[in-house]
Amino acid sequence: MQKGPRGRFGAGETAFGIKARKPVPYAFVLDALAGLPVRTRPMFGCLAVYVGERIVFALRDKVDHPEDNGVWLATTREHHESLQKEFPAMRSIGVLGKDVTGWQMLPADSGDFEEAALRACELVAAGDARIGKRPGEKRRER
């Protein structure tokens, strides 16, 4: 809220009462997808990344539960084993609960994080069906 002639604003506010945008976590991921029909949307405190109509990633860099920061892959259980071979550090996401979900993550604190995230971008750009889901489309989890 503005106070006085010099203007002081609350955390995350601008002169026009619009919330300031958070910086894009792991912006190199979006750079690697340049040339594809990419759009982003906020999702549960993360940044969801869509290519066309498919959600492919969620980018998370938050203070709470830092062990779950990284690139989340939108996939299905049937693809976990083959993706694990490509991404040995890939794992389930703790904040999503104890059950294994379709979402898996490339943890930001792994030694090969950037390399793995860029490889995931290559797979998406190549149209690899193991990464990406159409929102609202029901898939049978195995």
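The values are calculated or read from the model by the stated rules, or taken from the named source; none is laboratory data. Keep in mind that this is a model prediction, so the values were computed, not measured. Note that each Cβ is placed from the backbone with ideal geometry, even for glycine, and that neighbours are counted across all protein chains shown.
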Task: Conditions (1) modelled with pLDDT of 95 or more; (2) more than 17 Å from Asp112 (Cβ to Cβ); (3) among the polar types (S, T, N, Q); (4) surrounded by 13 or more Cβ atoms within 10 Å (Cβ to Cβ); number of the one not met by Gln84 - done: (2)
Task: strands (runs of 3 or more DSSP E) wholly inside region 1-61 containing at least 1 residues that are farther than 20 Å from Thr76 by Cα and at pLDDT 90 or above - done: 38-43
- [ ] May I ask you to list the residues in region 90-118 that are part of a helix (DSSP H, G or I) and farther than 16 Å from Ala74 by Cβ?
- [x] Gly94, Phe113, Glu114, Glu115, Leu118
Open item on the list: Residue under question is Met105, and the condition is that it be in contact with a helix residue (DSSP H, G or I) (Cβ under 9 Å, 6 or more places away or on another chain) and within 20 Å of Arg41 (Cα to Cα); does it hold?
Closed with: yes
Task: Qualifying positions in region 68-83 - of a type outside the set (A, V, I, L, M, F, W, C), assigned to a helix (DSSP H, G or I), within 20 Å of Val29 (Cβ to Cβ) and out of contact with any helix residue (DSSP H, G or I) (no Cβ under 6 Å at 6 or more places or on another chain) - done: His79
- [ ] Could you identify the single residue in Val71, Val95, Val100, Val124 that is within 15 Å of the chain's Cα centre (by Cα), of a type in the set (Val, Ile, Thr) and modelled with pLDDT under 95?
- [x] Val95
